[in-house]
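K.L.:
Pasting a structure below so you can have a look.
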Amino acid sequence: MKKIEPINLGNKFSLFNETWTPKIIGELNNQHVKICKLKGDFVWHSHKNEDELFLVIKGTLYIDFRNQETVKVNEGEIIIVPKGVEHRPYTKGELVFNLLFEPKTTLHTGEIETDMTVKKIEWI
């Protein structure tokens, strides 16, 4: 059996500088636990079959929705975006540290493919 140890988020965030490029730090129940650094604008997208949970570790995240006003997610807060809901995360120039829980098959750009799509997510 693999040794069970805590995962230090600060250490993991220090291992990369890329933004909008999720990194896998764990898995449970067919889900990946991912972290990413966010800065600037992401793309409009949705996830046809999966809900998406954002946990803001550091900074302030904003999420636009097509049929609702923008939601502000502060440090220490979570937001769950239901499957099928089109959304666009962004920051206002601030570097935001984010943690995600998603099924292993979830692409962070959902059903669309752009130059921001990461098809093979790295474990760190």
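The values are calculated or read from the model by the stated rules, or taken from the named source; none is laboratory data. Being a predicted model, the structure only gives us computed values, none of them experimental. Reconstructed Cβ throughout: ideal geometry from the backbone, glycine too, with neighbour counts over all protein chains shown.
K.L.:
Right, Ile25: modelled with pLDDT of 95 or more, surrounded by 13 or more Cβ atoms within 10 Å (Cβ to Cβ) and closer than 17 Å to Lys104 by Cα or not?
P.N.:
yes
K.L.:
Condition (residue is among the acidic types (Asp, Glu) and within 17 Å of Ile124 (Cβ to Cβ)) applied to region 46-63: is it met by at least one residue?
P.N.:
Scanning region 46-63, I find no residue that is among the acidic types (Asp, Glu) and within 17 Å of Ile124 (Cβ to Cβ), so the answer is no.
K.L.:
I'd like the full set of residues that are closer than 16 Å to Phe97 by Cβ and either among the small types (Gly, Ala, Ser) or part of a loop (DSSP other than H, G, I, E, B) (or both), limited to region 27-40.
P.N.:
Scanning region 27-40 gives Lys39, Gly40.
K.L.:
Another question, if that's okay. May I ask you to say which residue of Lys72, Lys120, Lys83, Lys48 is surrounded by fewer than 15 Cβ atoms within 10 Å (Cβ to Cβ), at pLDDT 95 or above, farther than 24 Å from Pro6 by Cα and not hydroxyl-bearing (Ser, Thr, Tyr)?
P.N.:
Unique residue meeting the criteria: Lys72.
K.L.:
Which members of region 80-101 meet the condition of being outside any strand (DSSP E or B) and free of Cβ contacts under 8 Å to residues at least 60 places away in the same chain?
P.N.:
If the condition is that a residue be outside any strand (DSSP E or B) and free of Cβ contacts under 8 Å to residues at least 60 places away in the same chain, then Pro82, Lys83, Gly84, Val85, Glu86, Thr91, Lys92, Gly93, Glu94 are the ones that fit.
K.L.:
Looking at (1) touching a Lys or Arg at 6+ places or on another chain (Cβ under 8 Å); (2) over 19 Å from Glu122 (Cα atoms); (3) modelled with pLDDT under 95, which one does Leu107 not meet, given that it meets all the others?
P.N.:
Result: Leu107 passes all but (2).
K.L.:
For Val43, work out the one condition from (1) β-branched (Val, Ile, Thr); (2) out of contact with any Gly (no Cβ under 7 Å at 6 or more places or on another chain); (3) not in a loop (DSSP other than H, G, I, E, B) it doesn't fulfil.
P.N.:
(3)
K.L.:
Also, quick follow-up: Can you run down the residue pairs with Cβ atoms below 8 Å, 6 or more apart or on separate chains, where the first is in region 41-61 and more than 14 Å from Pro103 (Cα to Cα) and the partner is basic (Lys, Arg) and not in a loop (DSSP other than H, G, I, E, B)?
P.N.:
Asp41/Arg88; Phe42/Arg88; Val43/Arg88; Trp44/Arg88; His45/Arg88; Thr60/Lys72; Leu61/Lys72
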